[in-house]
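The values are calculated or read from the model by the stated rules, or taken from the named source; none is laboratory data. On a predicted model such as this, the values are computed, not experimentally measured, just so you know. With ideal geometry, Cβ positions are generated from the backbone for all residues, glycine too; neighbour counts draw on all protein chains shown. Please note that ligands, DNA and RNA were not included when accessible areas were found on the heavy atoms of the full protein model with its side chains. Shrake-Rupley method; radii C 1.70, N 1.55, O 1.52, S 1.80 Å.
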Amino acid sequence: MITIENLCKSFTLHNQNGAVIPVMAGANLAVARGECVGLIGASGAGKSTLMRMVWGNYLAASGSIWVGDLDVVTASPRQIIALRRSTLGYVSQFLRVVPRVPTLDVVAEPLLFLGVPADIARARAADLLARLNIPQRLWELSPTTFSGGEQQRVNIARGFAHPFPALLLDEPTASLDAANREVVLTLIQEAKARGAAILGIFHDEAARDRVCDRLIDVRAFTPKAAA
Amino acid sequence: MTDQAYNFAYLDEDTKRMIRRAILKGVAIPGYQVPFASREMPMPYGWGTGGVQVTAACLTPDDVLKVIDQGADDTTNAVSIRKFFVATAGIAVTEATDKATIIQTRHRIPEAALTAGQIMVYQVPIPEPLRFLEPREVETRKMHELEEYGLMHVKLYEDIAKHGQIATSYAYPVRVEGRYVMDPSPIPKFDNPKLSGNAALQLFGAGREQRIYAIPPFTHVVSLDFDDHPFSPSKANHSCDLCASDTSYLDEVITDDQGGRMFVCSDTDYCATRRAAGHIGALGGQTITEKAAE
Amino acid sequence: MTDLSHAFAAAADTPLLQVKNLTKRYGARMGCADISFDVYQGEVLGIVGESGSGKSTLLSCLAGHMRPDQGEVFFQTAQGARDTVQMGEAERRRLARTDWAYVHQNPRDGLRMGVSAGGNVGERLMAIGARHYGDIRASAIDWLGRVEIDAGRIDERPSAFSGGMQQRLQIARNLVTAPRLVFMDEPTGGLDVSVQARLLDLLRGLVREMGLSAIIVTHDLAVVRLLADRLMVMKDGHVVERGLTDQVLDDPQHEYTQLLVSSVLQV
């Protein structure tokens, strides 16, 4: 479902005398349907960079990233938008939403974009929020005022609202208590069982061991002789 | 003052020709406001300088002129304009609608049907019907050009929203021959139906705003309205206390300090003609002064 | 799933708006230079840049308020793609009050301040021939509700409204005829931050529900991140960078965009 071939990335910092910083070279990996692959490597080794390139908000210098039958590296913005709506989901570490929008609508929004009727979308959102132990009295409030753990769970609910065939998970269990961590791991296992291809970053080793089928160390993709 | 003090009908021939050209253009494009170089007249703006110039340009020595103001021949404005043309053109004047060849008017159309060959001249204060909502002249001209008349209905919408009905009771906007939206001058909307299919040539002159427009004889003129709030030409629900007419437009006259009032035809010639023919109203043909004296 | 993605691809195969080599000069000074891009149905395009970058000039040329010196602006009409630069003014103005909408930064520029809220919303309906008072009023009430203005205020003039309400009224007035393309010039400019948020949410919902396409000109990067699918960055009349909104903001390639993004305070 996700296939990365010979992917390279560098940053050019025009405002720092045009410094070019190569950050990745020759990255290869593949994630099959129903499989969860964990990225490992020290902080700064390029795990998040790789995830963002798959998501499409970082541009690749060369190589290819196939998600289904679309190469994200060469795809037009429109194709990536369509991909994100229907095929590729992303649970980031940060919640970025319009302030003052009720939590229930934040979670339901990906479904609304797909044309799901509002009542069905909101029912699905309510179901997920309940599973993730967000008290019902908070559903009509904006998540921007929530604690870090609550925001994280809202983000997860939003990411899992639509059954995406491919999912990117960036630290989904960070800052969660044991009970909620358990819920999230169950959600991931359910997604795998329905055939989703999942690429994730998990610092929580126990979590990683439970859901990941394989681990890939991104240090293998660090450009040689960069320094 | 000698006979040579003025050219016939006060204006010089070149000016009259300029105005006639504007009139001809207006007749050719019914409802379209034709700009013209309005002259200073020996009377203030608001006293009918536009109408006077149009009348002056139309008058011939054989014409018979009638001038009415609010339907009456004997009000200040009507009397002075009539005197003005007697002095400057030496033409005959009349108060009888059917005897006149040119009728200059402010605020009314006579009750008696006009006939072919007659000319109605309306005095117009503000010729632009869109001005109420759109102050920019460049924009209103563009709106006329492109027939963008939605704004006229916004005005009527505001009326209904505020008063429950279209409260505009005079200067009620019309569409001429399916094309230009036109301000019929401040005539009561009761008179609007007479604009349409009229045998007379109807000319409109706005002196201060320097515009002339026209409705040629037998032109189709429609008052704007909504499907669910159709146009209705209303008048006081009463008959004339002097001549008993229940179809003419009435003025309400307060006769004393005790709330006494009477309704009389606003068209004085029409009322007098009916009374002369033997029609007697509820107050038995009393005059207003007699009523007041009671 | 696959069905859905195909549906999305098919719905938007032909661009709604196609801009080709658009150029506008002010004498020797460049307004906007050789600009080309497409906008598809349901898509929100953000145009960012500082004052004088040419973004407002570009918007004016697209909306027909200003005539470009060169270039073509094809809009998909019922009769196929038509160049709005070449078409007659009558046709262009008809598009402007049916298929297009223009939301001004200052609601006073986009509203009739002497006309009630209901009259403001109803005007476009009457302009395209609505002649039933009851229906027009029902539409106005419906739209006031959609932009979260109490229907009880339908007969008040906009001057009695707060800035945020005026802006929402302007949006209702523009969207009542279900246009397909909305031009917005700094729609949240001049509003309090909390009022901005409500407006952004409203716009997002309307864009989604009505399948609107929109072109939003702003200098506020937070606004485009939340509203725009795609982004163009302008400087000195030229487009210096374009792409997916989060890609341009998170991984800017051009020197100027990097400066622009790094100059914004992170909240």
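Suppose every K and R has +1 on its Cβ and every D and E has -1 on its Cβ; what is the size of the dipole of chain A about the Cα centre, in Debye to the nearest 20?
300
Using only DSSP helix segments of four residues or longer, with each worth -39500 (n - 2.57), what per-residue ellipticity at 222 nm results for chain C after dividing by its residue count and rounding to 500?
-12000 deg cm²/dmol
Just the ratio, please: alpha-carbon radius of gyration of the range B:116-206 over 2.2 N^0.38 Å, N its number of residues.
Ratio of Cα Rg to 2.2 N^0.38 Å: 1.13.
Taking K and R as +1 and D and E as -1, what net charge do the other residues with C-beta under 15 Å from the C-beta of C:Asp142 add up to?
Neighbour charge sum, excluding C:Asp142 itself: +2.
With the Cα gyration tensor of the range A:1-114 in hand, convert its eigenvalues to equivalent ellipsoid semi-axes via √(5λ) and list them largest first in whole Å.
Output for the range A:1-114: semi-axes of 26, 19, 15 Å.
I'd like the interface area for chains B and C: accessible area of each alone minus the complex, both sides summed, 1.4 Å probe, protein heavy atoms only. What is it in Å² to the nearest 100?
1900
Using a basic spin-label model with each label point 7 Å from the Cα along Cα→Cβ, how many nm lie between B:Arg179 and A:Glu205?
So the label points at B:Arg179 and A:Glu205 sit 9.0 nm apart.
At what distance in angstrom do the alpha carbon centres of the range B:161-219 and the range B:72-120 lie from each other?
If you average the Cα positions of each part, the centres end up 19 Å apart.
For B:Cys265, what accessible area in Å² do you get when you roll a 1.4 Å probe over the heavy atoms of the protein chains, rounding to the nearest 10?
10
Find out how many positive minus negative residues lie around B:Gly46, taking Lys and Arg as positive, Asp and Glu as negative, among other residues whose Cβ is under 11 Å from that of B:Gly46.
Local net charge: +2.
Once you have the Kirkwood Rh of the range C:78-146 from its Cα pairs, apply Stokes-Einstein at 37 °C and 0.692 mPa s and quote D in µm²/s.
Estimated via Stokes-Einstein, D reaches 237 µm²/s.
For the range A:49-185, report the convex hull volume of the alpha-carbon atoms normalised per residue, in Å³, without decimals.
Considering the Cα atoms of the range A:49-185, their hull volume per residue is 111 Å³.
Using helices alone, I'd like the mean residue ellipticity at 222 nm for chain B: each DSSP H run of four-plus residues gives -39500 (n - 2.57), total over residue count, nearest 500.
-8500 deg cm²/dmol
Taking the Cβ-Cβ separation of C:Glu72 and B:Asp228 as r and a Förster radius of 56 Å, what is the calculated FRET efficiency to the nearest 0.05?
Result of the calculation: an efficiency of 0.80.
Taking loop as defined by DSSP and a crowding limit of 15 other beta carbons within 10 Å, which GluC sites (Glu not before Pro) in the range B:38-127 fit?
Answer by residue number: B:Glu40.
Taking R0 as 22 Å, what's the FRET efficiency between B:Tyr170 and B:Thr115 from their Cβ-Cβ distance, rounded to 0.05?
After rounding, the FRET efficiency stands at 0.30.
With just the Cα atoms defining each centre, how far is the range A:154-217 from the range A:13-71? Give it in Å.
19
Restrict the search to the range A:112-216; then list the trypsin sites (Lys or Arg not before Pro) that DSSP places in a loop and that have at most 14 other Cβ atoms within 10 Å of their Cβ.
The qualifying sites are A:Arg194.
Counting only DSSP beta bridges with both residues in chain A, what percent are antiparallel, rounded to the nearest 5?
Given both bridge residues lie in chain A, the antiparallel proportion sits at roughly 50 percent.
Please list A:Ser10, C:Ser159, B:Ser223 in order of solvent-accessible area, largest first, computed with a 1.4 Å probe with all protein chains present.
Output order, biggest surface exposure first: C:Ser159, A:Ser10, B:Ser223.
Over the range C:1-146, average the accessible area per residue using a 1.4 Å probe and give it in Å², no decimals.
Each residue of the range C:1-146 exposes 43 Å² on average to a 1.4 Å probe.
Students often forget the sequence filter, so: which lysines lie under 17 Å Cα-Cα from B:Lys83 once same-chain residues fewer than 8 apart are removed?
B:Lys66
For the range A:108-149, take every pair of Cα atoms, bin their distances at 5 Å starting from 0, and report each bin as a whole percent.
5, 22, 27, 24, 16, 6, 0
As a test of reading the structure, rank A:Met1, C:Met87 by solvent-accessible area (1.4 Å probe, protein chains only), most first.
Heavy-atom accessible area, descending, gives A:Met1, C:Met87.
Placing one identical point scatterer on every Cα of chain C and ignoring solvent, what is log10 I(q)/I(0) from the Debye formula at q = 0.07, 0.13 Å⁻¹?
-0.25, -0.89
Considering only protein heavy atoms, what is the solvent-accessible area of B:Thr76 at a probe of 1.4 Å, reported in Å² to the nearest 10?
Counting only protein heavy atoms, B:Thr76 exposes about 100 Å² to solvent.
Tally the DSSP beta bridges in chain B and give the antiparallel ones as a percent, rounded to 5.
Counting DSSP beta bridges with both partners in chain B, the antiparallel share is about 60 percent.
Probe radius 1.4 Å, ligands and nucleic acids ignored: give me the carbon and sulfur share of the accessible area of the protein assembly as shown as a rounded percent.
After summing per-atom areas, the C and S share lands at 51 percent.
Checking the cross-link filter: which lysines have an alpha carbon closer than 24 Å to that of C:Lys55, excluding same-chain neighbours under 8 positions apart?
Once the sequence-local lysines are set aside, what remains near C:Lys55 is C:Lys20, C:Lys24, C:Lys235.
Kindly provide the trypsin sites (Lys or Arg not before Pro) of the range B:131-167 that DSSP labels as loop, not H, G, I, E or B, and whose Cβ sees at most 16 other Cβ atoms within 10 Å.
Answer by residue number: B:Arg131, B:Arg136.
Just report the Cα centroid separation between the range B:224-251 and the range B:1-68, whole Å.
Using only Cα atoms to place each centre, the spacing works out to 33 Å.
When Rg is the radius of gyration of the Cα atoms in the range A:160-227 and Rh is its Kirkwood radius, what does Rg/Rh come to?
In the range A:160-227, Rg relative to Rh is 1.05.
What does chain B give for Rg and for Dmax, in Å, if only its C-alpha atoms count?
Over chain B's Cα set, Rg and Dmax evaluate to 19.8, 62 Å.
Please report Rg over Rh for the range B:53-180, where both radii come from the alpha carbon positions and Rh follows the Kirkwood definition.
Rounded to two decimals, Rg/Rh equals 1.06.
I want to make sure I understand the PRE zone here: with the label point 7 angstrom from the Cα of B:Glu13 toward its beta carbon, which residues in the range B:57-85 have backbone N atoms less than 20 Å away?
Under cut-off, by backbone N: B:57-63.
Keeping all protein chains in position, work out how much accessible area B:Asp159 exposes to a 1.4 Å probe, and write it in Å² to the nearest 10.
That residue has around 20 Å² of solvent-accessible surface.
Accessible area per residue for chain A in Å², computed with a 1.4 Å probe and the full protein assembly in place, what is it?
That works out to 42 Å² per residue.
I need two numbers for the range B:1-114: Rg to one decimal and Dmax as a whole number, Cα atoms only, in Å.
Rg, Dmax (Cα atoms, Å): 14.0, 41.
With solvent modelled as a 1.4 Å probe, how much accessible area in total do chains A and C shield from it at their shared surface, in Å² to the nearest 100?
2900
Could you calculate, for the protein assembly as shown, the ratio of the Cα radius of gyration to the Kirkwood radius, expressed as Rg to Rh?
Radius of gyration relative to Kirkwood radius: 1.16.
Which whole-Hz couplings ³J(HN,Hα) result when phi for each residue of the range C:24-33 is put into the Karplus expression 6.51 cos²θ - 1.76 cosθ + 1.60, θ = phi - 60°, listed in order with x for Gly and Pro?
9, 10, 10, x, 7, 7, 8, x, 8, 10
Pairs to check: A:Lys9/A:Lys224; B:Lys162/B:Lys194; B:Lys162/B:Lys189; B:Lys99/B:Lys189. Give those whose C-alpha atoms are more than 22 Å from each other in this structure.
The answer is B:Lys162/B:Lys194; B:Lys99/B:Lys189.
Apply the Karplus parameterisation 6.51 cos²θ - 1.76 cosθ + 1.60, with θ equal to phi minus 60°, to every residue of the range C:84-94 and state each ³J(HN,Hα) to the nearest whole Hz, in sequence, with x for glycine and proline.
Taking θ as phi minus 60°, the curve returns 6, 6, 8, 5, x, 5, 4, 5, 5, 5, 5 Hz for the range C:84-94.
What is the diffusion coefficient of the range C:213-267 in µm²/s, taking the Kirkwood radius over Cα pairs and the Stokes-Einstein relation at 10 °C with a viscosity of 1.306 mPa s?
139
Count the DSSP beta bridges whose two residues both fall in chain C, then state the antiparallel fraction as a percent rounded to the nearest 5.
If we restrict to bridges inside chain C, about 55 percent are antiparallel.
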